[in-house]
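Have a look at the structure below before the remarks.
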Amino acid sequence: MKFDIFTLFPQIFDGVFEHSIIKRARDAGLIDIALHHIRNHARDKHKMTDDAPYGGGGGMVMKPDPIFYAVESALDYEVPASGYTVNPEAGHPPIILLSPQGRVFTQAVAQELSQYPRLMFICGRYEGVDERVAQYLATDQISIGDYVLSGGEIAAMVIVDAVTRLLPNALGDPNAAANDSHATGLLEYPHYTRPAEFKGHRVPDILLSGDHAKVSRWRREQSLKRTLAARPDLLENAPLTEEEKKAIQRLIM
Ligand code: ADE
């Protein structure tokens, strides 16, 4: 998977992609991350990347031209006036504009994105990005949650991380991603490791019992209880057995 990130602040990414799973995935050649400095693609002598909004009002708006030129340079393709369209076979990947106005990022969206061989991310800054970027260049807009960040950089990091975990061979344990919170539609069950007792708090006996069927049942039950307590909204779409649905009804009463 290749990730292209377009930003005015490539230094923000220093270090973030140089540890743990992302680093291993890069070293193994599973992913390739290219940072593109939008400013390098401004063609005026002052290398301007933002300007005052037409119609007045405060703040600055990111200019469309350096962003288009940066993406065109990475694609080696000139976007037609009618706009850009995704065509992975022709080497035209999805172009995602990070924005609080986008669709909300979820595990299902991470799954969807992980199917592409290449993804591009445009990190917005300032008050916003010229609307022509959203209309004629970006093919998707994604928000990582209902809050406003200072820019799309952290959102891009979040998405690259979540998508990389889903790629075959990115995790040491090939089944790890399948049991993650949200991957099953539920929150994950609690984990424990040694010592069996710490400050008087014992690990649940069932986990020490060696009875795998019982452990599985307990974990599933814990997932359901946690989801009900912290994220009851997830239960509406989670794949539950009839028995589990009844058990939840009993817990709610
Ligand atoms: N840029 C600013 N806020 C954002 C958010 N919540 N998600 C993605 N990009 C953003």
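Since every read-out is calculated from the coordinates, none of them should be taken as a lab result. Nothing here was measured: the structure is a model prediction, and the numbers come from that model. A quick note on method: Cβ atoms are made from the backbone with ideal geometry, for glycine too, and the neighbour counts reach across all protein chains shown.
Data overview
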read-out	value
Local net charge near residue 99, Cβ-Cβ under 15 Å (Lys/Arg +1, Asp/Glu -1)	-3
Where N is the number of residues in region 181-252, Cα Rg divided by 2.2 N^0.38 Å	1.22
Set of region 48-78 residues, backbone N closer than 19 Å to the point 7 Å along the Cα-Cβ line of residue 136	49-55, 61-78
Highest-first arrangement of 200-212, 96-108, where packing means the average Cβ count within 10 Å	96-108, 200-212
Kirkwood hydrodynamic radius of the chain, Cα pairs, Å	21.0 Å
Cleavage-rule hits (trypsin sites (Lys or Arg not before Pro)) in region 111-201: DSSP loop, at most 13 neighbouring Cβ within 10 angstrom	199
Relative intensity, log₁₀ I(q)/I(0), of region 1-116 from a Debye sum that treats every alpha carbon as a point, q = 0.11 Å⁻¹	-0.48
Most to least packed among 217-225, 49-57 [average Cβ atoms within 10 Å]	217-225, 49-57
Quotient of C-alpha Rg and 2.2 N^0.38 Å, computed over region 139-235	1.40
Relative contact order %, region 106-164, counting alpha carbon pairs below 8 Å whose residues are six or more apart	54 percent
